[in-house]
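See structure below.
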Amino acid sequence: MYSLNNKISILGCGWYGSALAKELLKNGYIVKGSTTTPDKLAILKQAGILPYLINFTSEEDIINNDFFDCDLIIISIPPKRSTAEQHTFLSKIQKVSKAAVNGNIPNIIFISATSVYGDYNQEVNEHTAPDPETESGKAILAAEQNLTAIPDFTTTILRFGGLIGPGRDPGRFFAGKSAIPNGKAPVNLIHLSDCIGLTLRIIEKQAFGYIFNACATDHPTRSIFYTAAASRSGLEIPQFKDELLNWKSVHSIYVAEKLNYEFKITLNSLV
């Protein structure tokens with residue numbers, strides 16, 4: 001740990017943000033956490049997180065300047081599945097950017113997603129030009145571009161694959177379903193412990209200003225992985241079509257090169 005980034009604000013204390021905050025506290029950081037739900041403020045406080053009600057919406061902005069008094073802000077507010085949310089996501093990030101500039105925050109880590117790469121039947125890495133197909137992928141890429149274009153702070157992009165871990169049992173994703181397409185496509189997933197591990201390593205090494213793809217290094221097929229996951233959880237086995245349609249396999253150059261990070265959870269260990 002180093003003193004330059006002792007105060008960290010996490011915008012969005014959801015599944016990943018709350019777990020990360022608790023780990024940062026263990027490592028001696030002062031952690032401010034935001035929520036859009038007033039009832040959650042007490043839960044954050046109980047965990048030792050300094051709680052803030054922050055909300056950027058088209059109807060009402062709730063901004064606390066003290067939250068933006070920090071050495072690093074981690075933005076973890078992915079667009080919701082609704083089309084309306086995806087269309088307003090960029091304006092929300094623009095408001096966050098403005099608040100970060102006003103707070104003179106030197107560094108931002110933006111939690112992005114591998115959906116910025118379309119399924120174009122290829123391996124991708126950080127040098128691959130993003131070309132999203134989905135509305136959420138397009139919204140996330142626009143947010144990335146907004147943040148990286150602002151010279152007042154240094155933006156680090158952390159593109160997570162599909163999230164698994166406590167409370168997100170992959171065995172439940174397809175349990176009991178049949179005729180599931182694309183059974184031979186590779187999966188691109190990351191466990192919560194590695195989401196946290198990678199974030200901590202970026203902070204510890206001050207490896208700011210890079211794009212990091214964050215997926216487990218192994219990529220079993222959908223059929224093999226989710227069938228095994230359902231079996232491990234004692235759930236009804238899903239049935240996949242024996243076919244390969246559109247796919248991508250997400251790899252990272254910079255996780256090893258810049259962070260010297262070794263993934264804790266391999267997907268094959270869960271098969």
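Side notes on the structure shown:
- Exactly one residue out of P51, P79 is open to solvent by less than 60 Å² (accessible area, probe 1.4 Å), touching a helix residue (DSSP H, G or I) at 6+ places or on another chain (Cβ under 6 Å), assigned to a strand (DSSP E or B) and closer than 30 Å to R201 by Cβ: that is P51.
- Filtering the stretch 83-98 to residues that are without any contact (Cβ under 8 Å) to a residue 60 or more places away in the chain and either open to solvent by less than 60 Å² (accessible area, probe 1.4 Å) or hydrophobic (A, V, I, L, M, F, W, C) (or both) leaves A84, E85, Q86, T88, F89, L90, S91, K92, I93, S97.
- Scanning the stretch 236-270 for residues that are more than 19 Å from the chain's Cα centre (by Cα), buried (at least 16 other Cβ atoms within 10 Å of the Cβ) and under 23 Å from L192 (Cβ atoms) yields a total of 2.
- Residues satisfying the stated conditions in the stretch 82-132, i.e. under 19 Å from L158 (Cβ atoms) and of a type in the set (G, A, S): S97, A100, S112, A113, S115, A129
- Test set (1) in contact (Cβ under 8 Å) with a residue 40 or more places away in the chain; (2) among the small types (G, A, S); (3) more than 13 Å from I109 (Cβ to Cβ) - A207 fails condition number: (3)
- Selection of the stretch 99-118 for residues being open to solvent by 10 Å² or more (accessible area, probe 1.4 Å) and in a loop (DSSP other than H, G, I, E, B) yields G103, N104, P106.
The values are calculated or read from the model by the stated rules, or taken from the named source; none is laboratory data. Quantities reported herein were computed from a predicted structural model and do not represent experimental measurements. With ideal geometry, Cβ positions are generated from the backbone for all residues, glycine too; neighbour counts draw on all protein chains shown. Only protein heavy atoms, including side chains, enter the accessible area calculation; ligands, DNA and RNA are left aside. Shrake-Rupley method; radii C 1.70, N 1.55, O 1.52, S 1.80 Å.
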